[in-house]
Structure formats: C-alpha cells, structure tokens
Amino acid sequence: MAIYKATKLLSRSFSSLSSRPLRVCVVGSGPAGFYTAEKMLKAHEEAEVDIVDRLPTPFGLVRSGVAPDHPETKIVTNQFTRVAQNERCSFFGNVSLGSSLSLSELRDMYHVVVLAYGAESDRVLGISGEELAGIHSAREFVWWYNGHPDCSNMAPDLKSADTAVILGQGNVALDIARVLLRPTAELAKTDIASHALSGLEESSIRKVYLVGRRGPVQAACTAKELREVLGIKDLYVHIDKDDLRTTPADEEELKNNRIRRRIHELLSKAAISGTSHPSPGQRELHFVFFRKPDKFIGSDERSGHVAGVRLEKTILKESVHPGKQTAEGTGQYEDFECGLVLKSIGYKSVPVEGLPFDLQKGVVPNYRGRVLSCASEDLAQVEEGLYVCGWLKRGPTGIIATNLYCAEETVASISEDLETGASTSTLAKPGREGLKQLLDSRNVRAVPFSAWEKIDTEEKQRGSLRSKPREKLTRWEELLEVAAK
Amino acid sequence: MKSATGVAGYRLKVTSFTIFDSVCSQYLTFFSPLASTPRRTCLHAVQNRFLLPQVALHLFLQRHEPFSTTAADKAQLEGNEETKKISVTFVDKDGDEKHINVPIGMSMLEAAHENDIELEGACEGSLACSTCHVIVMDIEYYNKLEDPTDEENDMLDLAFGLTETSRLGCQVIASPELDGIRLALPAATRNFAVDGYKPKPH
C-alpha cells in the first residue's frame, strides 16, 4: 500500500510537469482512432496526440465503409475534424505501420501507443470454388464503390449476368444490395466513386439474393437499413412466408431483443405486402433464409468464372450459448445460378510484427484495452504503454457510436495506468519530433491534416460540377499529388 | 417539428428560434473552420433569416433548399422571447445535476451543447446516430412527448443502456408542458462489455 501511494505521488508529480508532455500515438484515423484521440486530449492536458494512418485521407470507414447514400452518418467527420485541428493534435497520413515504421520503433518514441487500425482483411468460407472469378469480399466491393485507393481498379463484372448472390444478411450485405438495386439516378447525387457509378449504370444485375444461414429472427441487420432496402422504388421483394413462422426458441430470442422484434415485424409486413410476382423487367430482391453456402459452381462457357452457388438447407439447433441458436446442415441442396457473388461474412484484422494476436478470435488479446502478451489469461502480461481500440480490440461489429464507448474504456485504462505508474515510462520521449525525423530519413512523405484539407477542397469542387457532395479522388498518385500542391 | 435540408445537403432538425446574439454567433462559427467550440447547426439563422444581412442570406440560401415556416413558429418568433424558457435538469453519469433554462423550440441536444453538458451529437441532430440518447427520468414527462417516429426508434434500437423512457436528445424539443423535465445521461460505459469479455483481477 505504501509503495502504491508512493508511485501514485510520483506519477502525479510527473504528470503535473507540463513541460514534459505525454507523447501519445494513435494508429488509425477511423472512429476508434479519433474518439481515442479526442478523449485523450480531454483527459490529459499534458498529452500531445499524433494520429497516423496508412492512407493520405482520414476517417477510416466513415469515408470508405459508410454507404454513399448515408450522408447523415458521415456528419461525425465534423467532430473528428475539430479534434484534428486541436493544437495538441497532429495527423500523419500516408504513414503505414509495418512498412513506414515498425511497432517497436513507435513504442520507443511514444509513452502511449493506441492501435486502432481496424480490420482490413476478410473472413473466408473455406469452401470449394471460392477462388473463382466473380466472387468478391463485401469489403472490396464497398471499398470500390466508396473510392478506396486500394480497390479503385477492382472493376467487378456487372455486365455478364442478371443475378447476384450476397452471402450474409448484415448491414453491409444490405448496403450492397441497395447499391446494386437502387436507381442509379439516385446514387448519382451521392459521393459514390465515379468509376462505380458508371459501372452500376451499365450493370445488368436485376435480381439479388440475400442469403442467411439462419432465419428472419436472427437476421443481423438493423431496422434503418432494412427499411431502406425494402423501400427501394419499384422493387419486387420476395420473402417466403413459411420462413417467418417462429419456434418457441425463436420467441425466446425475440422477447429479449428489441431490434430483432422490429426486424421480424418489418420482414413480416414486407412478406404480405406487394405483388406475388415481379412485373417484366422489374428489379428483384429475394431474402433466402436457412441456407448455407456449400460450394461455388464454375462456368462451363467462361472457364474460371463463377456460374452459381450450391446452398445447403439448414435447421436451427440450440447452441452452447443459452438463448442462441446455430444453423446446421440438413443434407438437402439447392443450386442458385448467378454471375456475381459478394461474401459479406465478416471482416478480419491483420496483425503487425511484434503485436500479440489471437488468431482464433482475430483480435489483439487485451484487458479493457491494455494489450496482453498472449491470449492465455493465466500467462498473459500487460504490454507496457500499448493499447488497442475499435475492431482490433473487440472484433468487427457494432456501429460508429460503439467506438465512443470502446475509446472511453481504453482511455480509462490509460489514465489508470498513468495514475498508478503501472504502464508508462517516466523518461522523456521524442514523440512527434522523433516521428518526423524517422519519416524524413526514410523518405516517407507524410500527409498532414492541412494537406488532407486540400484533397477535401478539391473533391468538393469536383463534386459541385456534377451536383455531388464530393467527387472522391480514388487513386494513390492523384491523392498524393493534390496533397503536395 | 420538421426537417429541412441543411449544410451540404444533410437533413437537419429545425428548431424554432433564438435571440439575435445567438444567431450571430452561430453564423460566425459556422463560417470559421477553426472555431474551437462545437456549434451544431446554423439553422437558427435560417429560420431567422430576416435578421441576417443580405449577403449572409444569399450564402445560406445556396446551401439550403427552401422550406416553409409554420404559423406556430412565426407566432413564437413574434412573441415575448424572454419569458418563453423552460427549466430543464440534466443528471450526468455520476448523478450530478445541472439546471438550465431552455428556450421553447430548442432541442435538448442543442441546449446541452450551449450549456457545456457532455451530450454527444455525432450526426448533429440528423437522426442518423444514437449518441444523444437521454433518459426521461419521470414517466409523466415522458408521456407528454409525442411518440418517437420509426426513424427515431431505429436509432434508439442501437442506443447503449436503452430504457423504457429513452429518447434522442435531438428529438426532444422544449415546449411549455415540459417545464421541469429531468433528463439523465446514460452511464453507458458501465454497461459496456465486449463480447466474450471476462472481468479479471488486474
């Protein structure tokens, strides 16, 4: 106890020395990164926060994940911009952890490093034919229509077939269905990437299947997104009424979950409204419940290209987690013809060198945001000065606001560790100056926030010519060129 | 209550009126990118556009689609502004209370921000997030409010620590019958637990 008090006193006297700033680096400038930065700046007057991002543009999935027809959701960038403009905060775009600099270098330069770089890879199904052309991850498709520079050349083939199968029924799946089925004249008024708009204008996709392993009670989407897709102009929606029947186990799930009740209600209404058959040429959306992908079928005419998906019918079984049901195959199969498959089955984080990683869960092992040396709780030690936030910490789920609470938890852990002196060296660290020098020595051209503002202005200007809120710059060279002006 | 197209084409909630000083400050901060104090909307200014110089009016009209002002709003604008405030109490996560006076027609989100109450507003009142979640502490006051719309319910679905008397702060608009209302800010962090997270001694 006496020692605890002494360290506390010591760390207090340390933190009150404003001449010795607390050097903080946040990796990733999406919602998790910006909320962490905001809360660190607020909680610690002596903190100097640097945000690094591998892209020249900030805001992570708010820019490259949120659908173009959801401009209200992107308003949060106003708040993030105010954080970036704080005099104690600095943005370093075009700086990639793992190639521009290593994690250990970063930890040497900063008292606190918070990793919030999200999940930039995809879960795989691990079934036959997954490598066929015409099969994409939802992430790539979303990056494509949102103008992410890593997917601007993706050019998905939307012209060779009239049917697309989307595997998954979460909000990302619904976003994709909406982008494929919405009249392009409506999308033209959004900040959708111009290459995607032209691709969609020429698209021959008329019919979209949304496939879920489980039933309408378990659908992972939220009401807003479902309401939107059901409300698309002149769209035929098919939901099998038999799928809507609930079992006692379903009732139990509905009873305890407001979102699921409201989703089930919306689906039930949609199943009985509208016409029983599509009119000729009408676009169609089919909800396919209780089916899991078994294999992809290759095309006979176009070698190496997908021509269909074989789905296995499932039934729900009580799982080990009470109140949760899992889908099990029944041995009955059905083939769905299609020329495009989008797998919306979850994102996956990628570890960097020197970072403890739980490969099974796809997250960094942590205790309330403190990085632990390994996933085994008995053997784990706290990695001094290293923290996580967002998808890297808790897996790829939740909404933007989830990161607000996630960041609050991580920052509370940091504050606690500073207070007790548990996790932060009291030595002076080079921080921002050290980072600048290191990047200079490696010829890494970091993009400061003021350069992002040049990109922002340019995009808005180009957008105004086409009555769009912005026309995104979608190529690396172009982004860096405008940033350097 | 009604919506209008706001900054950069985003839908924003329109509130009724404010005094002239406030119009100016909203207007100035809106055009100053380096303003450090967050200001949520410039819509006061829009509704009070007769108070603005012609140049400013022109700038605003470029960014806003025209919409009509209801008779009720006009009546409020012309009424005695000083007397039309109600008393509102915010109770924060730690149980500390803050009493403020809120002009009729102003949303609780804006009122909170004008009084430095920590209520998040990620989408700035455009009904696209759940961060301004408040809990009406007295059921009688809750019942005085109009029922939430489908759109508000869609967002409440996602609010942390949802209760039977939860609302979005941007959708609760000060009106005379709400005088004395008490709003709690949810202690969301206390409920925040990650899937599969097990508390363990540190």
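The values are calculated or read from the model by the stated rules, or taken from the named source; none is laboratory data. Just so it is clear, the model here is predicted, and its values are computed rather than measured. Reconstructed Cβ throughout: ideal geometry from the backbone, glycine too, with neighbour counts over all protein chains shown.
Computed values, structure above
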| item | result |
| --- | --- |
| Condition check for A:LEU200: free of Cβ contacts under 8 Å to residues at least 60 places away in the same chain and either within 14 Å of chain B (Cβ to nearest Cβ) or touching an Asp or Glu at 6+ places or on another chain (Cβ under 6 Å) (or both) | no |
| Restricting region A:222-241 to residues that are within 14 Å of another protein chain (Cβ to nearest Cβ) and under 23 Å from A:THR184 (Cβ atoms), the residue that is surrounded by the most Cβ atoms within 10 Å (Cβ to Cβ) | A:VAL229 |
| Checklist (1) within 14 Å of chain B (Cβ to nearest Cβ); (2) under 19 Å from A:SER194 (Cα atoms); (3) without any contact (Cβ under 8 Å) to a residue 12 or more places away in the chain applied to A:GLU478, failing item | (1) |
| Scan of region A:242-258 for residues that are more than 23 Å from A:LYS292 (Cβ to Cβ), more than 14 Å from every other protein chain (Cβ to nearest Cβ) and among the basic types (Lys, Arg), ordered by number | A:LYS255 |
| Restricting region A:365-398 to residues that are within 12 Å of chain B (Cβ to nearest Cβ), touching a residue at least 40 places away in the same chain (Cβ under 8 Å) and of a type in the set (Val, Ile, Thr), the residue that is farthest from A:VAL76 (Cα to Cα) | A:VAL382 |
| Qualifying positions in region B:99-132 - hydrophobic (A, V, I, L, M, F, W, C), within 14 Å of another protein chain (Cβ to nearest Cβ) and more than 17 Å from A:PRO71 (Cα to Cα) | B:LEU109, B:LEU119, B:CYS132 |
| A:PRO56 being buried (at least 21 other Cβ atoms within 10 Å of the Cβ), touching a helix residue (DSSP H, G or I) at 6+ places or on another chain (Cβ under 6 Å) and away from chain B (no Cβ under 14 Å) | yes |
| Options A:GLY331, A:GLY354, A:GLY431; residue that is more than 10 Å from every other protein chain (Cβ to nearest Cβ), closer than 30 Å to A:ALA177 by Cβ and modelled with pLDDT of 95 or more | A:GLY331 |
| Pick from region A:414-428, criterion touching a His at 6+ places or on another chain (Cβ under 8 Å) and either surrounded by fewer than 18 Cβ atoms within 10 Å (Cβ to Cβ) or closer than 12 Å to A:TYR387 by Cα (or both), ranking: modelled with the lowest pLDDT | A:THR424 |
| Residue within region A:104-127 that is more than 14 Å from every other protein chain (Cβ to nearest Cβ) and within 23 Å of A:VAL482 (Cα to Cα) present | no |
| Scan of region A:248-273 for residues that are among the β-branched types (Val, Ile, Thr) and closer than 24 Å to A:GLU318 by Cβ, ordered by number | A:ILE259, A:ILE263 |
| Flag if A:LEU355 is in contact (Cβ under 8 Å) with a residue 40 or more places away in the chain, in contact with a His (Cβ under 7 Å, 6 or more places away or on another chain) and either assigned to a loop (DSSP other than H, G, I, E, B) or crowded, with 20+ Cβ neighbours inside 10 Å (or both) | no |
| Helices (runs of 4 or more DSSP H) enclosed by region A:40-159 - at least 3 residues per element that are within 19 Å of A:LEU180 (Cβ to Cβ) | A:138-145 |
| Unique match (being surrounded by 22 or more Cβ atoms within 10 Å (Cβ to Cβ), farther than 28 Å from A:GLU46 by Cα and either of a type outside the set (Ser, Thr, Tyr) or in contact with a Pro (Cβ under 7 Å, 6 or more places away or on another chain) (or both)) among A:VAL76, A:VAL83, A:VAL66, A:VAL95 | A:VAL66 |
| Within region A:434-455, considering residues that are small (Gly, Ala, Ser) and part of a helix (DSSP H, G or I), the one nearest to the other protein chains (Cβ to nearest Cβ) | A:SER450 |
| Region B:123-163, residues that are surrounded by fewer than 23 Cβ atoms within 10 Å (Cβ to Cβ) and under 19 Å from B:GLY95 (Cα atoms) | B:ILE135, B:MET137, B:ASP138, B:ILE139, B:PHE160, B:GLY161, B:LEU162, B:THR163 |
| Filtered residues of region A:18-61 (kept if under 15 Å from A:PRO149 (Cα atoms), hydrophobic (A, V, I, L, M, F, W, C) and touching a Ser or Thr at 6+ places or on another chain (Cβ under 9 Å)) | A:LEU55, A:PHE59 |
| Filter result (surrounded by fewer than 22 Cβ atoms within 10 Å (Cβ to Cβ), touching a Leu at 6+ places or on another chain (Cβ under 8 Å) and not polar (S, T, N, Q)) within region A:180-197 | A:LEU187, A:ALA188, A:LEU197 |
| Cβ pairs under 7 Å, 6+ apart, first in region A:160-182 and in a helix (DSSP H, G or I), second buried (at least 22 other Cβ atoms within 10 Å of the Cβ) and aromatic (Phe, Trp, Tyr) | A:ILE176/A:PHE141; A:VAL179/A:TYR145 |
| The lone exception for A:GLU131 - which of (1) surrounded by fewer than 20 Cβ atoms within 10 Å (Cβ to Cβ); (2) touching a residue at least 12 places away in the same chain (Cβ under 8 Å); (3) among the charged types (D, E, K, R) it fails | (2) |
| Residues (within 21 Å of A:LEU226 (Cα to Cα), more than 22 Å from the chain's Cα centre (by Cα) and in contact (Cβ under 8 Å) with a residue 60 or more places away in the chain) located in region A:183-197 | A:GLU186 |
| Residue list for region A:242-282, filter: surrounded by fewer than 11 Cβ atoms within 10 Å (Cβ to Cβ) and either of a type in the set (Val, Ile, Thr) or over 33 Å from the mean Cα position of the chain (by Cα) (or both) | A:ASP242, A:PRO248, A:ILE272, A:SER273, A:THR275, A:SER276, A:HIS277, A:SER279, A:PRO280, A:GLY281 |
| Verdict on A:ARG470 being within 14 Å of chain B (Cβ to nearest Cβ) and touching a helix residue (DSSP H, G or I) at 6+ places or on another chain (Cβ under 6 Å) | yes |
| Unique residue being over 15 Å from the mean Cα position of the chain (by Cα), touching a residue at least 12 places away in the same chain (Cβ under 8 Å) and on the phi > 0 side of the Ramachandran plot when the list is A:GLY28, A:GLY118, A:GLY98 | A:GLY98 |
| Some residue of region A:12-28 being modelled with pLDDT under 95, assigned to a helix (DSSP H, G or I) and of a type outside the set (Gly, Ala, Ser) | yes |
| Residue tally, condition among the small types (Gly, Ala, Ser), part of a loop (DSSP other than H, G, I, E, B) and either modelled with pLDDT of 95 or more or on the phi > 0 side of the Ramachandran plot (or both), over region A:362-413 | 5 |
| Residue within region A:280-290 that is modelled with pLDDT under 95, touching a strand residue (DSSP E or B) at 6+ places or on another chain (Cβ under 8 Å) and more than 14 Å from every other protein chain (Cβ to nearest Cβ) present | no |
